[in-house]
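Worksheet: one structure, shown below.
The values are calculated or read from the model by the stated rules, or taken from the named source; none is laboratory data. Bear in mind the structure is a predicted one, so any value in this text is a computation, not a measurement. Using ideal geometry, Cβ is built from the backbone for each residue, glycine included, and neighbour counts are taken over all protein chains shown.
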Amino acid sequence: MREMSKIIRNVTNLVYGFIIIFGFYIIVHGHLTPGGGFQGGAVVASAFAAMLISYGQLNTKKFLNINIFSLLESCGLTMFIGVAFLGLGTTFFYNFLANSGSWFGNIVIPGINAGDMNTAGVLPLMNIAVGLEVFSGLGIIVLLMADGAEYTKKKEKAENDR
Amino acid sequence: MNLFNHTPILILAVPLLTAFLIPIIGKINKKTTGILATLALGLSLIMTIVLAAKVLSVGPQVYVFGEKSSLLTLPSGLKFPIRIMFQIDAMGIFMGLITALVSFLGAVYSLAFLDNKDKIDSYYSLLLLLTVSMFGMEFTGDLFNFFVFLEIASMASVSLICYRGADLGEPVEAGFKYMVVSSISALMVLFAVGIFYGEYDVLNIAAIASVVKYSQLDKIALGILVSVLAMKAGAVPMHMWTPDAYSEAPAPITMILVAASQASLYAIFRIVFSMYNITLNTLAVGWIIIILGLLSMFIGVTMAIIQKDIKRLMAYHAISQTGYMLLGVGVGLAVLANPEALKDYGITAMEGGIFHIMNHAMYKGLLFLTAGALFFRTGTRDLNKMGGLAHYMKYTTIFFIIGAAAIAGLPPFNGFASKLLIYESVYKFNPLLSIIAMVVSILTLASFVKVFHSAFLGPKLPQFKEVKEVPRSMVFAMAVLSCIIIFFGLFPDLIVKNLVHPAVMSLIEQLQYTGTVLGGM
């Protein structure tokens, strides 16, 4: 995959940060607005895909590291199951933070309201864990697919030369 | 906090947590990941045995996620359950015991089998995920949750089938085939779940069972579920993925895949018996399952005889043995609406079929492990290239003889016990079926005599001068399975009375299953 024209690279530079911030916005507001961990994570990963397309595979590897992604992925998964384990005092997956007054523990006002971020107990935590897992997992998939495309191209070229 | 109350979920949660921790630990030290996975699976084996003792002495157990109490199935005075729950009766825990044992031994065997590979952390991570999903399929009381676990099982097994590497080609082809098959079956299961949800507005199996009417839509859903789950179990008209997947996967994974296809088989039985029970036309559906079984038995074994690849041959035998289970349980289903025939021979036929599930997991696992041991030392699966290996691998030879005798149904081993139950009871239903089953058994013996002769007997071959016995952890896994086979063969009465009979009764008595969730409805 070669790098594309200067216009595309500059536009990517401009929107890259905004896409990532929008993705994280969807992740942390998962319990209030449409979307959630998976959707937000996919949005964040689309920023990586844009970078890969505009800058080419070799340049992207300087910024995005598969090893770090795979570490983040495992951290997200462990966080998800860890939060589920914390509820084990009552039952597995028990929402022990809801309405407790501490983190994410405000009581939800029934009816139309402004939308309090500080509600819903463990749901935001789980959304964050899923978001972490999804954006790093999709990031790995995108990078590996670029690697695979490069590998096939090299192989085809070698066969044509023969 | 009393952890003892949480055993149903801890059986899954401990391997799941380990599966997610292993990639992190693998960054530091790859060698410890195998030991960690083995420990997690050992812990879950112990917890499964504890839970089995509880289920068999006290009765079916439920575990509701995220509720104030794990036993509260109907919160806030509702008439139907809204939360995801595990519902473990004698049949579920029977399958759970198989899964726990097989996956633990698979992990132990892998310790030596995969010593020098660099992707070992992802291998163990996926192995744990596969185990968790099998437990989930067997324990869950929720139809949509079953679909989720089915998908996890498919994804984990596809990656494990391809584990030997993308450069070899054949494992990837087998993995791709399995991916297509399992994606189709998972989507069709989702479609059937959608039908139930649209019709009855519930997803809980017990809640559906209490309202199911066997309308036209229910018939469609039943047809879809039985056919795609039979496809995942490897019954004959849909068996094309089995030989490829079983022969290309690493040997311990093949053993676990056998148990995974049995989890799909369990799902067929659960849906037919616990969900529909006598609302459906038992004779017609019973005969469909019997015919699936007959085809699997006969075509599986005739295809097996001509194979030259040792693992492919065993894979076709796995199809053939699946037929016995379908035959036994199918006869039980065909006479379900007829209490006299059910008491006379139906329950015995089902006991034979269900007992055969466990026996098959044990001896087929052992046989695949011996095939893996041969591959480990000789580097080939081709029977024509092997020979005289009994001179070098004494333990493996003995284990192979035990496994082969058990699958052929020779008297002191466990295959005989379950096959005899099937022969006797099926003969009363229809003598022809029993005769076909016996012929298949003889053909099985013939093909394993061939394998034994061409792999183990004969003079010492010069190219195998370096071959020696396999490492200790592999011998340990095979020895445990052999001991279980001999124990089951010597005391079948003990197992049938304490494990298999409660499992069969929990399938037949629908009210026992629905009652644990919905109260005494």
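Assorted remarks:
- Qualifying residue in region A:127-148 (condition: outside any helix (DSSP H, G or I), more than 17 Å from A:F24 (Cα to Cα) and within 14 Å of chain B (Cβ to nearest Cβ)): no
- Residues satisfying the stated conditions in region B:76-111, i.e. within 12 Å of another protein chain (Cβ to nearest Cβ) and surrounded by fewer than 24 Cβ atoms within 10 Å (Cβ to Cβ): B:R83, B:I84
- Of the residues making up region B:46-59, not one is within 14 Å of chain A (Cβ to nearest Cβ) and either under 19 Å from B:G141 (Cα atoms) or among the basic types (K, R) (or both).
- Qualifying residue in region A:51-69 (condition: on the phi > 0 side of the Ramachandran plot, surrounded by 15 or more Cβ atoms within 10 Å (Cβ to Cβ), within 14 Å of chain B (Cβ to nearest Cβ) and of a type outside the set (G, A, S)): no
- B:V14, sole failed condition from (1) without any contact (Cβ under 8 Å) to a residue 40 or more places away in the chain; (2) touching a Gly at 6+ places or on another chain (Cβ under 7 Å): (2)
- Cβ separations smaller than 8 Å between residues 6+ apart or across chains give the following pairs from region B:442-460 residues that are at pLDDT 90 or above to residues that are hydroxyl-bearing (S, T, Y): B:L443/B:T302; B:T444/B:S320.
- Residue in region B:60-68 that is facing chain A (nearest Cβ under 9 Å), under 21 Å from B:A153 (Cβ atoms) and touching a strand residue (DSSP E or B) at 6+ places or on another chain (Cβ under 8 Å) present: yes
- Yes/no for B:N29 being free of Cβ contacts under 8 Å to residues at least 12 places away in the same chain, of a type outside the set (A, V, I, L, M, F, W, C) and within 14 Å of chain A (Cβ to nearest Cβ): no
- Cβ separations smaller than 7 Å between residues 6+ apart or across chains give the following pairs from region A:83-99 residues that are closer than 13 Å to B:I9 by Cβ and facing chain B (nearest Cβ under 7 Å) to residues that are of a type in the set (K, R) and outside any helix (DSSP H, G or I): A:T90/B:K68.
- Candidate set from region B:18-58 (those that are over 23 Å from the mean Cα position of the chain (by Cα) and within 27 Å of B:R83 (Cα to Cα)); member that is surrounded by the most Cβ atoms within 10 Å (Cβ to Cβ): B:F20
- Meets criteria (surrounded by 15 or more Cβ atoms within 10 Å (Cβ to Cβ) and touching a Leu at 6+ places or on another chain (Cβ under 8 Å)) for A:G121: yes
- Out of B:L43, B:L12, B:L16, one residue alone is more than 14 Å from chain A (Cβ to nearest Cβ), modelled with pLDDT of 85 or more, out of contact with any Leu (no Cβ under 6 Å at 6 or more places or on another chain) and in a helix (DSSP H, G or I). It is B:L43.
- Every pair of residues 6+ apart whose Cβ atoms lie under 6 Å, when the first sits in region B:424-436 and is within 15 Å of B:L342 (Cβ to Cβ) while the second is among the hydrophobic types (A, V, I, L, M, F, W, C): B:S425/B:A349; B:V426/B:V331; B:V426/B:A349; B:V426/B:L433; B:F429/B:V331
- If you check B:V470, B:V504, B:V449, B:V496 for being assigned by TED's automatic domain parsing to the domain that holds B:V331 and crowded, with 19+ Cβ neighbours inside 10 Å, only one passes: B:V470.
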